[in-house]
Amino acid sequence: MSAAAMFAHLLLERLPGRAPARVPEPCAVMADAAQVDAFCAVGGDRGVLAPIYHYHAVQAAASIRPGDRVLDLGCGPGNQLLHLARLHPGARFVGVDASRPMLRRARRTLDSGGAGGVALRRGDLTALRALPDAAFDCVTCTLSLHHLPDLDALHRAAREMSRVLRPGGGVYVADFGRLRRAATQRHFAHQRAAEQGPTFTADYFNSLRAAFSVAELDAALAALGPGVRRHQTALAPFMVVYRRGVHGADDAAALARARAALARLTPSQRRDCRALAAWFAAGGLPTPVSLR
Ligand SMILES: C[S@@+](CC[C@H](N)C(=O)[O-])C[C@H]1O[C@@H](n2cnc3c(N)ncnc32)[C@H](O)[C@@H]1O
């Protein structure tokens, strides 16, 4: 990705003007075979999403303690879960998704990635009926909220997160924020088109159009209670993180594993990871471990 082009797009987002209306995802639950295949491919070890997953796993380390019960909502094909589970071998993870094909992929991803102990369940993240109150020490949710059909569903999801989480537990929610310009949305969706293929490119564009605004996310995620801080990429909310940390100090063992995991990324993936980290750092969220 050209850093200059990205800077220019994000700067143009600062111009006054109305954000385009939200366009909900055509398929909220991802069950279409081609869409699932494309998403799995970009999430794998050599895929364009691997640096994003690495970044979120590093930042989520502040919210997870050894032995914690961690719930990942909208886990999809399990790639983010795998990055998290590798950093926290002592934690007990449960992934929930509404899509059977995604859960089948997640089982494979986790078993082949050495995280066979992660449990997976089919369920609706806006109505987690099978899960008792306060059953988890941490809730994570990456790139899934924009799949919800409307604001009502977003508020239900946030209330369910709060219900199944022990009071004051760890939170790590990351998603796209609504951008103001269709040109910026197209830029992000297409910047890796050659590597990611047309199906994922179309899917990515749909995701950016379906993103909730920061104000909408703020209003819903307030249900998670005090201590949850919002962080976003500088200049414009291309990506937004809501986090409640639970450590007095950084989890040194998890961060040591993060350094080892970084070494497994390709040089270009490491560059992408550093670029995302730099945009968040400029927005006020430093990275707890060197990404060099
Ligand atoms: C873009 S994927 C993100 C997957 C994963 N979290 C990641 O970061 O790679 C969004 C996932 O949310 C799931 N999803 C959408 N609506 C859902 C709902 N109401 N309940 C549970 N899962 C849902 C989809 O099936 C899909 O697997």
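The values are calculated or read from the model by the stated rules, or taken from the named source; none is laboratory data. Remember, it's a predicted structure, so these values are computed and weren't measured experimentally. Using ideal geometry, Cβ is built from the backbone for each residue, glycine included, and neighbour counts are taken over all protein chains shown.
Considering only residues that are of a type outside the set (Asp, Glu) and outside any loop (DSSP other than H, G, I, E, B), which ones fall in region 122-137?
Going residue by residue through region 122-137, those that are of a type outside the set (Asp, Glu) are 122-123, 125-132, 134-136.
Within region 122-137, Arg122, Ala127, Phe136 qualify.
Gln196: at pLDDT below 95 and within 19 Å of Gln80 (Cβ to Cβ), yes or no?
Values: at pLDDT below 95: yes; within 19 Å of Gln80 (Cβ to Cβ): yes.
It is true that Gln196 is at pLDDT below 95 and within 19 Å of Gln80 (Cβ to Cβ).
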The one condition in (1) in contact with an Asp or Glu (Cβ under 6 Å, 6 or more places away or on another chain); (2) within 10 Å of the ligand (Cβ to nearest atom) that Asp97 fails to fulfil: (1)
Of all residues making up region 1-40, the number that are within 12 Å of the ligand (Cβ to nearest atom) and touching a Phe, Trp or Tyr at 6+ places or on another chain (Cβ under 8 Å): 3
Single match in Arg181, Arg163, Arg105, Arg122 (criterion: more than 14 Å from the ligand (Cβ to nearest atom), at pLDDT 95 or above and among the basic types (Lys, Arg)): Arg163
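Sort through Ala210, Ala134 and tell me the only one that's out of contact with any Cys (no Cβ under 6 Å at 6 or more places or on another chain), modelled with pLDDT of 95 or more and within 13 Å of the ligand (Cβ to nearest atom). Step through it out loud before you land on a result.
Details: Ala134 fails: within 13 Å of the ligand (Cβ to nearest atom).
Ala210 is the lone residue from the list that is out of contact with any Cys (no Cβ under 6 Å at 6 or more places or on another chain), modelled with pLDDT of 95 or more and within 13 Å of the ligand (Cβ to nearest atom).
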Breaking point among (1) away from the ligand (no atom under 13 Å from the Cβ); (2) surrounded by 24 or more Cβ atoms within 10 Å (Cβ to Cβ), for Pro77: (1)
Any hit, region 58-68, residues being more than 10 Å from the ligand (Cβ to nearest atom), over 25 Å from Arg264 (Cα atoms) and either in contact with a strand residue (DSSP E or B) (Cβ under 8 Å, 6 or more places away or on another chain) or charged (D, E, K, R) (or both): yes
In region 142-160, residue farthest from Leu128 (Cα to Cα) [restricted to those that are within 13 Å of the ligand (Cβ to nearest atom) and among the aliphatic types (A, V, I, L, M)]: Leu143
